[in-house]
Amino acid sequence: MQLLINAIFDSPEDEEQRNAWSSILENYKPAMEILRKRSNYTPDGVNRFQDLIDDFFYMYPSEVGIERITNYIHMLSSGHIKYYMDIHKSLYKYSQQGWESLNAKYNHIFFYHTQRGGHFGKNTEDKEHSYIQSVMKAFQRELLWISGEAENYFYLAAAADNNNN
């Protein structure tokens with residue numbers, strides 16, 4: 001992280017900001033390492049996390065400005081994240097990155113592989129007009145792979161082919 005700070009504030013007149021950001025992020029980085037743990041948090045770890053965030057937030061508004069306090073900074077500094085850490089013991093299992101990835105994939109399918117309610121060909125009946133069908137087929141395929149059912153199917157099909165040969 002220090003390399004990034006040095007790259008951003010590389011001129012001699014930026015030394016004050018470089019030192020301020022180094023001090024601010026000195027507490028932020030270890031707090032995020034605790035937060036991103038995949039295993040369950042210990043009570044001491046949760047308290048250590050909040051102590052580091054409190055130290056981070058003590059410096060943040062005075063160095064960066066109160067107008068740069070985002071919703072995420074507020075959630076960290078007010079103890080909302082600590083509350084969820086105490087209740088759920090691990091926030092890793094609630095990560096939304098997988099769903100965001102799926103959302104991007106389905107948006108791509110919808111916008112680039114469907115007619116979005118448009119023309120479906122001259123031999124298509126009205127009841128067959130479904131722009132969502134492509135998206136739902138992709139969703140089913142994804143669920144089969146995520147759940148492992150697709151692997152089981154292909155494994156069983158390959159085993160049957162081997163037995164027939």
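Computed quantities for the displayed model
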read-out: Qualifying aspartates and glutamates (Cα of each under 16 Å from Cα of LYS105; at least 8 residues distant if same chain); value: GLU142
read-out: Cβ charges +1 (Lys, Arg) and -1 (Asp, Glu), total dipole of segment 2-92, debye; value: 720 debye
read-out: Hits among aspartates and glutamates - C-alpha to C-alpha of LYS89 under 17 Å, sequence gap 8 or more where chains match; value: GLU33, ASP44
read-out: Environment charge at ILE8 (Cβ cut-off 11 Å; Lys +1, Arg +1, Asp -1, Glu -1); value: -1
read-out: Net charge over other residues, Cβ less than 14 angstrom from the Cβ of PRO30 (K, R count +1; D, E count -1); value: -2
read-out: Mean separation of Cα contacts under 8 Å (6+ apart) over length of segment 2-92, as relative contact order %; value: 31 percent
read-out: Environment charge of PHE154, counting only residues whose C-beta is closer than 15 Å and scoring Lys/Arg +1, Asp/Glu -1; value: -2
read-out: Protection-proxy order for peptides 4-16, 42-54, each taking the mean of Cβ atoms within 10 Å per residue, highest first; value: 42-54, 4-16
read-out: Extension gain from SER11 to ALA160, taking 0.36 nm per residue of separation minus the Cα-Cα distance; value: 46.9 nm
read-out: Potential lengthening between ILE87 and GLU63 on full extension [0.36 nm per residue; Cα-Cα distance subtracted]; value: 5.4 nm
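Read-outs throughout are calculated quantities, based only on the coordinates presented, and are distinct from any laboratory measurement. Source: prediction; values computed, not measured. Positions of Cβ are backbone-derived with ideal geometry, glycine not excepted, and every protein chain shown enters the neighbour counts.
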